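Worksheet: one structure, shown below.
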Amino acid sequence: MSEIIIIGNSKAAINFSNYLKSIGLKNKIIPYRKTYLNEKSIKKAKTLFILTKDDSIKKFYLKNRKLIKDKKLFHFSGALTFKNIISLHPLYSFSKKPLTQKEFEKIIFTSENPKYIKSNLKWFKNKIIKINTYQKPYYHAIVSIYFNFPLIMLRDFSRLMGKKFKIPKKYLQEAFLKNLNNFLKTGEVTGPIERKDGETIKRHLKALKKTKLLNLYKGMLEFTGR
């Protein structure tokens, strides 16, 4: 099989490259800013995965249209749709540590055109869920909230609690994990918003009045219908 080229050196690109190697497929990662130095490799390949940040996908395509003409083109963006590049979005947040072959193949992907992917990437074993083009921005917004927001909050609130109240970061994270595991087992959620504890909520809003956290708290009240 001809070499598969991966444009971009993101966490997703590194994990994907590692997976391809694990199933015996030769591939090469080319950083987005160094594509002009690798035109021969790009021209040789039949399949390109453009795994850059979203803003760079279209830029790469427009800048290299002649070079990548008649090639099979794919991207991993969950929000964007391009006429000549097939979307293949992993429902997963990659880290720097590469996944094993088995771990990677458990990832669910979404796409507007699963049939094209299955017919052109015979080696691709992951489950693909079809998603309509018009749904993609909303879908990706929800995915971003689900995977990214809790981690941002965990990081920033740990810092805040440590700075403001001298509570050790390690303890906070251990308590968070216990709470998360309990939720995964039972589905139970606690706290004044869940209990509709009106007086406590009023005190919280008053305490947060002059902070950046006020809109976050109000947003959660609105989201939960409390």
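Taking each DSSP H run with n ≥ 4 as -39500 (n - 2.57) and averaging over every residue of the chain yields -15500 deg cm²/dmol at 222 nm. Round to the nearest 10 and give me the degree value, 0 to 90, for the angle of helix 169-186's Cα axis relative to the longest principal axis of the chain. The angle comes out at about 80 degrees. In the chain the Cα-Cα distances spread across 5 Å bins starting at 0 as 1, 6, 11, 14, 15, 13, 10, 9, 8, 7, 4, 2, 1, 0 percent of all pairs.
Which pairs in the list Lys11/Lys169; Lys136/Lys164; Lys34/Lys169 are over 30 Å apart, alpha-carbon to alpha-carbon? Cα-Cα > 30 Å for Lys136/Lys164; Lys34/Lys169; rest within. Between helix 54-63 and the chain there is an angle of about 20 degrees, using the helix long axis and the longest principal axis of the Cα atoms. Between Lys122 and Leu62, what's the calculated FRET efficiency when r is the beta-carbon distance and R0 is 22 Å? Round to 0.05. Approximately 0.15, to the nearest 0.05. Does anything in the stretch 50-80 have its amide N under 13 Å from the 7 Å Cα→Cβ label point of Asn148, and if so which residues? Residues 53-55, 77-80 qualify, since their backbone N sits under 13 Å from the label point. Once a ≥ b ≥ c are taken as the square roots of the eigenvalues of the Cα gyration tensor of the stretch 91-167, is the result rounded (a/c under 1.5), prolate (a/b larger than b/c) or oblate (a/b not larger than b/c)? Oblate, because a/c is 1.5 or more while a/b does not exceed b/c. For the chain, the relative contact order is 13 percent, taking Cα pairs closer than 8 Å that sit 6 or more residues apart in sequence and dividing their mean separation by the residue count.
With a ≥ b ≥ c taken as the square roots of the eigenvalues of the C-alpha gyration tensor of the stretch 48-131, please select rounded if a/c is under 1.5 and otherwise prolate if a/b is larger than b/c or oblate if it is not? Don't skip to the end; give the middle numbers.
On the way: a/c = 1.81, a/b = 1.43, b/c = 1.26.
Since a/c reaches 1.5 and a/b is larger than b/c, the shape of the stretch 48-131 is classed as prolate.
Note on the stretch 137-224: Rg/Rh from C-alpha atoms, Kirkwood Rh, equals 0.97.
You can think of it this way: the chain between Arg195 and Lys44 has 48.2 nm of extra reach, that is 0.36 nm per residue less the Cα-Cα gap.
Given a Förster distance of 41 angstrom, what is the FRET efficiency for Leu37 paired with Ser95, based on the Cβ-Cβ distance and rounded to 0.05? The partial results should precede the final answer.
Values: r = 28 Å, r/R0 = 0.69.
Result of the calculation: an efficiency of 0.90.
Highest mean packing comes first when the peptides 11-21, 182-192 are listed by Cβ atoms within 10 Å, giving 11-21, 182-192. Across the alpha-carbon set of the stretch 13-97, the Rg to Rh ratio works out to 0.93, Rh being the Kirkwood radius.
Bear in mind these aren't lab numbers, they're just calculated from the coordinates by the rules spelled out. All values derive from a computational prediction rather than experimental measurement. No Cβ is skipped: glycine too gets one built from the backbone with ideal geometry, and neighbour counts run over all protein chains shown.
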